[in-house]
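Input: a single structure, listed below in structure tokens.
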Amino acid sequence: MFNFLKGVVGGSGGGQKDLPYNIGDPYPSAWSSWSHFRGTSKDDGSPVSIFSLSGSNPQDGRLAAGRNGVKRLRTVRHPNILSFLYSYEVEAVDGSGTKVTIYIVTEPAMPLYEKIKELSLEGTQRDEYYAWGLHQIAKAVSFLNNDCKLVHGNVCLESVVVTQTLDWKLHAFDVLSEYDGTSGTATGPMLPYEWLVGSQYKSVELAKSDWVAIRKSPPWAIDSWGLGCLIYEIFSGMKLGKTEELRNTASIPKSLLPDYQRLLSSTPSRRLNASKLIENSEYFQNKLVDTIHFMEILSLKDSVEKDTFFRKLPNLTEQLPRQIVLKKLFPLLTSALEYGSATAPALTALLKIGSWLSAEEYTLKVLPTIIKLFASNDRAIRVALLQHIDQYGESLSAQAVDEQVYPHVATGFVDTSSILRELTLKSMLIMAPKLSQRNLSGSLLKYLSKLQVDEEPAIRTNTTILLGNIASYLNDGTRKRVLINAFTVRALRDTFSPARGAGVMALCATSSYYDTTEIATRILPNIVVLTIDPDSDVRSKVFQAVDQFMQILKQSNEKSNAGDTAHAGSLGLSSMPGNAGLLEWAMSSLTLKGKPLDQAPIAASNSVRPVTTTTAASSGLIETPSMAPVRVSSSSDFADAPAPPSPTLTDGWGEIENGVHEEQYSDKDGWDDIKPLEEPKPSSALANIQAAQKRPVSQPKPQAATSLRSKSTVKAVATKDEDDDLWGSIAVPTPKIASKSLKVKTSGAVEDDDPWAAIAAPPPTTKAKPLSAGRGRGTKAAAPKLGAQRINRTSSSGMQ
């Protein structure tokens, strides 16, 4: 029999060196003759608890009881019972004889008495935590008595330990035995090792060893008495010295006092069952117990209950004990999010609790959960992650962002939901610095090229702003190919005025990346057109941009005149304005949902903060402040001026490699295909104008004067300089805002007294446009149609 039990607990061995665990420091207290040590696994270093019991005689009753405890702990499993991991028994021979030691390895735990002193809880928080702990122990006792028909026999303060998640768990199963009261033939002690129980913890019938009365009592009678002893020790703060002390109820909460008295009833049959204690006690109805209980049965709740609970949880965590929230509630929350049982609002609570952790703990406990959530297909979870990215984005490593996070986030660029597309776009402001050039220049820019022609005007605007903010992370070749084309070809020609304003501001913010040739030939010709933009906000930004770029050109000219040839061609970053701060997001597409794009009434952007440029004293930079929220002008200025046409997919950014949706872009679709124009030879019409400027100009005809108001004619008017060179040598193609091309007459038709007639727009006409479907006079006869035709019949004329 001894050999069998020894085999059950692990067999004999060579000592602690054969134990696959390292034994650490002991705790001050443990149950009965056991010693409780801290320990770690030799394999992975994970923490454990190690209990040891030693005896000099293999037939020692304490060793027999210890083997019983090992066997029971190994076979009885419950969430509120200490988890068994490993057992080991070793015999060591010394000079005086043989020493037998039994080891039990369990999950890491700490004696309850020591944990209570460590937490030092007071007031309501202490009562709530004690209620939660007693609730757990009562469930464990109820499981043993009612479900397993077992009697623990020694429920007290020393038989309870606390895990790392602050859960109370029952152990010390040395006395545990089956309840045999239903057997009429049973004789002798029902608890063979009851002599291990201290006399102060024994009920009246157990102290008398009245086994007949015990067998007539319900299975919970002995352990209900033990629960009463445990309650007394917890609230009095000291271990029970003698049974008479249980009459002192001064420290027992009033809401728990009636149940406490029933647990310690002198009549065994009248003692309160542990299951009834859980169900009926008013003391267990508090916020902490209800919150943890809801989290433990979360999978049984419907979506409405979950949503309501998680929306209240962030505020609720402020009222609960901080240590319990971090060590108990937080692990439950992370597990619920990872396995999909929690709803999106749970992420807010997770990030709030995570903010209480140290930076190291945050990296180990919060970020792995967030990275896993990015792979979720739940759109609400993805939206919540992107909405709160500013709270955790900086803590993510560059490798994690580039390899694990970005591939999942990038799917939001092509999502059908405009909200998700916009949040994905804004998240790139935090992720872009951590992306590799492969993802940044290849994948991301391809997505941004598509978003710049998105159906939502706010997304188009914010795409331009984002590109201006992440320009510093692009390599020189990509910046040369992308920036000017993105800001001029698309942004400045957008029908949405805030998008045009964003293009101007982005050009200013990235001015350090352009040389003087690009400024003079590609940037200024495009932005000066917007000095007559219909929107006053855009005009004000354009005038400031023109001043800024002109100052750059003046600085370059001064250096060139001073003989500084090293900097004559281009200005370095240290002497260039821009890049002083990030551009702010213009608006949200939520405010534009369902509204006409040409009107764009944005409620949050009715005010305009003028954009100013200031010279930094330290570095000589012209600082461009952040973009203020922009609005659509409601004034009637330039009401008749046509707005620039909307960009289309034909104005691409260029062939960006390793991108997506390559089939949607043709070879002529690139930003790199848009090159500065070569200097054309002046046309015959312009030659006449140059000649006319050298002699007095006669008064133009009224019709020609009127026609000069059009944008096409204004763009063609040249200033007179030393070499009489008009804008033709550096001008960009005619802006797409012109609805019709100019009809320039040949030089032979130019009248000598009107030098502008060659390029003037035709005089306005009031003639009605031809009607469609062949109706009205002055239209061409309709072409004959093939096939069967409908024949109109009238009563008078018959068939026609």
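Worth pointing out:
- Residue in the stretch 53-74 that is open to solvent by less than 50 Å² (accessible area, probe 1.4 Å), within 26 Å of Met110 (Cα to Cα), modelled with pLDDT under 95 and assigned to a strand (DSSP E or B) present: yes
- Selection within the stretch 403-418 - within 20 Å of Tyr392 (Cβ to Cβ) and buried (at least 19 other Cβ atoms within 10 Å of the Cβ): Val405, Tyr406, Val409, Gly412
- Selection count where residues are among the hydroxyl-bearing types (Ser, Thr, Tyr) and at pLDDT below 90, scope the stretch 277-297: 2
- Residue check for Thr424: assigned to a helix (DSSP H, G or I), without any contact (Cβ under 8 Å) to a residue 60 or more places away in the chain, of a type in the set (Ser, Thr, Tyr) and open to solvent by 60 Å² or more (accessible area, probe 1.4 Å): no
- Thr416 vs. criteria closer than 30 Å to Ala586 by Cα, part of a helix (DSSP H, G or I) and without any contact (Cβ under 8 Å) to a residue 24 or more places away in the chain: no
- Scanning the stretch 259-279 for residues that are in contact (Cβ under 8 Å) with a residue 60 or more places away in the chain, in contact with a helix residue (DSSP H, G or I) (Cβ under 6 Å, 6 or more places away or on another chain) and not small (Gly, Ala, Ser) gives Pro268, Leu277, Ile278.
- Qualifying residue in the stretch 149-164 (condition: farther than 28 Å from Val204 by Cβ, out of contact with any Pro (no Cβ under 6 Å at 6 or more places or on another chain) and either hydroxyl-bearing (Ser, Thr, Tyr) or without any contact (Cβ under 8 Å) to a residue 60 or more places away in the chain (or both)): yes
- Residue that is nearest to the chain's Cα centre (by Cα), among those in the stretch 94-110 that are hydroxyl-bearing (Ser, Thr, Tyr) and outside any loop (DSSP other than H, G, I, E, B): Thr106
- Annotation note: Cβ proximity below 8 Å between a residue of the stretch 87-103 that is more than 19 Å from Asn68 (Cβ to Cβ) and a residue that is open to solvent by 10 Å² or more (accessible area, probe 1.4 Å) and aliphatic (A, V, I, L, M) (sequence gap 6+ or interchain) occurs for Thr98/Ala92; Lys99/Ala92; Lys99/Val93.
- Any hit, the stretch 427-437, residues being closer than 20 Å to Asp390 by Cβ, among the hydrophobic types (A, V, I, L, M, F, W, C), open to solvent by 30 Å² or more (accessible area, probe 1.4 Å) and in contact with a Leu (Cβ under 9 Å, 6 or more places away or on another chain): yes
- Test for Glu114: is it surrounded by fewer than 16 Cβ atoms within 10 Å (Cβ to Cβ), assigned to a strand (DSSP E or B) and not hydrophobic (A, V, I, L, M, F, W, C): no
The values are calculated or read from the model by the stated rules, or taken from the named source; none is laboratory data. Computed from a predicted model, the values in this text were never measured in an experiment. Neighbour counts are summed over all protein chains in view; Cβ atoms, including those assigned to glycine, are modelled from backbone coordinates with ideal geometry. These area figures cover heavy atoms from the full protein model, side chains too; ligands, DNA and RNA do not enter into them. Shrake-Rupley method; radii C 1.70, N 1.55, O 1.52, S 1.80 Å.
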